[in-house]
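Supplied in structure tokens, the structure appears directly below.
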Amino acid sequence: QLKADKRESERDRQLNQTVADLKRLFSGVYGRMCDLCKPTQRKFNVAVSVAFGRHLDAIVTDTYATGLDCIQYLRDQRLPPITFLALDNIRPKDLNERLRQLGGTSKLVLDVLQYDPTLHKAVLY
């Protein structure tokens, strides 16, 4: 267990360093989804992690071209692949407003997140 935790923390440290480098080199890089979207309350942390799934560590960029430049940088530096979400290229599905009226304790993940409105398409995706 200790080895697994150490390996994961090393992976997170490397990923954070890579994101910092990408932000410094490319102006259109916003950051990782898990850093850009925060739950309004701690009790929603697990639900948000499950809802984001594989896109939890995805990096949000302003354009598809910026994403391609970042991917080329990762290749040149021989870094592991990362998922990129380009705001000008993603097509999120429309939100079914009837889901908000389910009642009870169920809420949409979108309603329990704090995020910059410019990232709305990435959060819906």
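The values are calculated or read from the model by the stated rules, or taken from the named source; none is laboratory data. Keep in mind that what you see is a predicted model, and the values were worked out from it rather than measured. When we count neighbours, we look across all protein chains shown, and the Cβ atoms used for this are built from the backbone with ideal geometry, even at glycine. These accessible areas exclude ligands, DNA and RNA; they are computed on the full protein's heavy atoms, side chains included. Shrake-Rupley method; radii C 1.70, N 1.55, O 1.52, S 1.80 Å.
Express in nm, to one decimal, how much length is gained between Asp57 and Gln14 on full extension, taking 0.36 nm for each residue of separation and deducting their alpha carbon distance.
Gain on extension, Asp57 to Gln14, equals 14.3 nm.
So, taking all protein chains as they sit and a 1.4 Å probe, how much accessible area belongs to Lys121, in Å² rounded to tens?
Near enough 80 Å² of accessible area.
For Ser49, what accessible surface area do you get with a 1.4 Å probe? Give it in Å², rounded to 10.
Spelled out: Ser49, probe radius 1.4 Å, area about 50 Å².
Now for a separate question. Run the numbers for Val46 and Leu79: contour at 0.36 nm per residue of separation, minus the present Cα-Cα distance, in nm.
Here the segment from Val46 to Leu79 would lengthen by 9.1 nm.
Gln72 versus Asp94, label points 7 Å from Cα toward the beta carbon: distance in nm?
In this crude label model, Gln72 to Asp94 measures out at 3.8 nm.
Heavy atoms only, 1.4 Å probe, whole protein assembly: order Thr61, Thr83 by accessible area, highest first.
Heavy-atom accessible area, descending, gives Thr83, Thr61.
Still on this structure, please answer the following. Can you give the convex hull volume per residue for the Cα atoms of the stretch 1-91, as a whole number of Å³?
115 Å³
Now for a separate question. On the full set of protein chains, 1.4 Å probe, figure out the accessible area of Asp88 and give it in Å² to the nearest 10.
Asp88 has an accessible surface of roughly 80 Å² with all protein chains in place.
Ranked by accessible surface with a 1.4 Å probe, highest first, in what order do Val50, Val29 come?
So, going from the largest accessible area down, we get Val50, Val29.
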